[in-house]
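Worksheet: one structure, shown below.
The values are calculated or read from the model by the stated rules, or taken from the named source; none is laboratory data. All values derive from a computational prediction rather than experimental measurement. Counting neighbours? That spans all protein chains shown, and the Cβs are built from the backbone with ideal geometry, glycine included. Just the protein is used for accessible areas: all its heavy atoms, side chains included, with ligands, DNA and RNA removed. Shrake-Rupley method; radii C 1.70, N 1.55, O 1.52, S 1.80 Å.
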Amino acid sequence: MKLLKYNKIAVLALVSITLISCGSDDLPGESQLDFTQPTKTSLDNWIDATYLSPYNINVQYKWNQNTVDNSRFLFPPEVDKVKPALEIVQTIWLKSYAAIGGPDFVKKIAPREIVLIGGVNLNSVGTRTLGLAEGGQRVTLFETDYIDKTDRANVSEFIHTIQHEYIHILNQNKPFDEKTWKTLTPGGYTADWYNYEIPESNELGFITSYARSNINEDFAETASMILIYSKAEYADFLAGIQSPFALQALKAKEAIVVKYFKEAFNMDFYALRDEAEKNTTSVLN
């Protein structure tokens, strides 16, 4: 105990000497750190008014190495591509959920940040990662530089990403009926899903080949694909399925999705699909 007390006194004395010594030196100059807040552009103000204020969603479009995989060749989007991309997301995703789920739905359940990446996120097996949902808090959207609002297929592929990733966020809040889902196409899941053509996967009861990666992706793909299809397009898709087993499985999966939205969020999934179709048309026009 005495030793600890002695050491404490010695340290305090040393600090006092140091302070006295420093006091005799010239005072340091002004701080070299820049605390000036960057001036917001008209785009920044639009993002604040469209995303941050109404939905508490921050949008990151300027380069931040902490929000991306630095082992990939990625880069920020061209500034003039940012607003068109965000307008698509706002109109087809945000407005559709607000109209059917209520104005506060996305405010309560939403990613708190959307990160936009300009280029393609290529994987070693030759596939592209179109989007990521991280912990329900951040959604990253790739290929922002290649958006064409006059091309329905292009718009549908881009909005498919946010629709798919948002389904994951909804599932993190309230899980779907995994037990029943697992019984529908148990032998069709594979880590090599990218080696199969979509029509082949369709005839096994999967809406896309990526849906075959696992049941969580299967659910997200089923729901998001129905949301980007028009009612007529989805009817044509089902009409083209040749396998009775596959058709039955696809319809059973659709029914689970519809039931999930109703029971988990009291939302009419078909009304949401119709609203998304209407809003997609408005974007293209």
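Any residue at all in region 156-174 that is part of a helix (DSSP H, G or I) and free of Cβ contacts under 8 Å to residues at least 24 places away in the same chain?
No: zero hits.
Does region 260-267 contain at least one residue that is within 21 Å of GLU178 (Cβ to Cβ), surrounded by fewer than 18 Cβ atoms within 10 Å (Cβ to Cβ) and in contact (Cβ under 8 Å) with a residue 12 or more places away in the chain?
yes
I want to confirm something. Restricting to region 191-214 and keeping residues that are buried (at least 18 other Cβ atoms within 10 Å of the Cβ) and of a type in the set (Val, Ile, Thr), which single residue is farthest from SER124 (Cα to Cα)?
It comes out as ILE207.
Which residues, counting only those in region 115-147, are aromatic (Phe, Trp, Tyr), surrounded by fewer than 19 Cβ atoms within 10 Å (Cβ to Cβ) and part of a loop (DSSP other than H, G, I, E, B)?
none
Of the residues that make up region 252-261, is at least one touching a Lys or Arg at 6+ places or on another chain (Cβ under 7 Å) and of a type in the set (Val, Ile, Thr)?
Within region 252-261, none of the residues are touching a Lys or Arg at 6+ places or on another chain (Cβ under 7 Å) and of a type in the set (Val, Ile, Thr).
Out of the residues in region 229-247 that are open to solvent by 60 Å² or more (accessible area, probe 1.4 Å) and without any contact (Cβ under 8 Å) to a residue 40 or more places away in the chain, state the one that is nearest to LYS182 (Cα to Cα).
Among those that are open to solvent by 60 Å² or more (accessible area, probe 1.4 Å) and without any contact (Cβ under 8 Å) to a residue 40 or more places away in the chain, it is PRO244.
Which residue is nearest to ILE47 (Cα to Cα), if the candidates are limited to region 91-103 and must be part of a helix (DSSP H, G or I) and either touching an Asp or Glu at 6+ places or on another chain (Cβ under 8 Å) or open to solvent by 40 Å² or more (accessible area, probe 1.4 Å) (or both)?
The residue in question is LYS95.
Output the number of residues of region 241-285 satisfying the condition of being of a type in the set (D, E, K, R) and not in a helix (DSSP H, G or I). Lay out the reasoning, then the answer.
Step one: list which residues in region 241-285 are of a type in the set (D, E, K, R), which gives 251, 253-254, 259, 262-263, 268, 273-275, 277-278.
Still in the running and not in a helix (DSSP H, G or I): 268.
Number satisfying all stated conditions: 1.
Among the numbered criteria (1) buried (at least 21 other Cβ atoms within 10 Å of the Cβ); (2) over 30 Å from LYS262 (Cβ atoms), which one does VAL106 miss?
The single condition VAL106 does not satisfy is (2).
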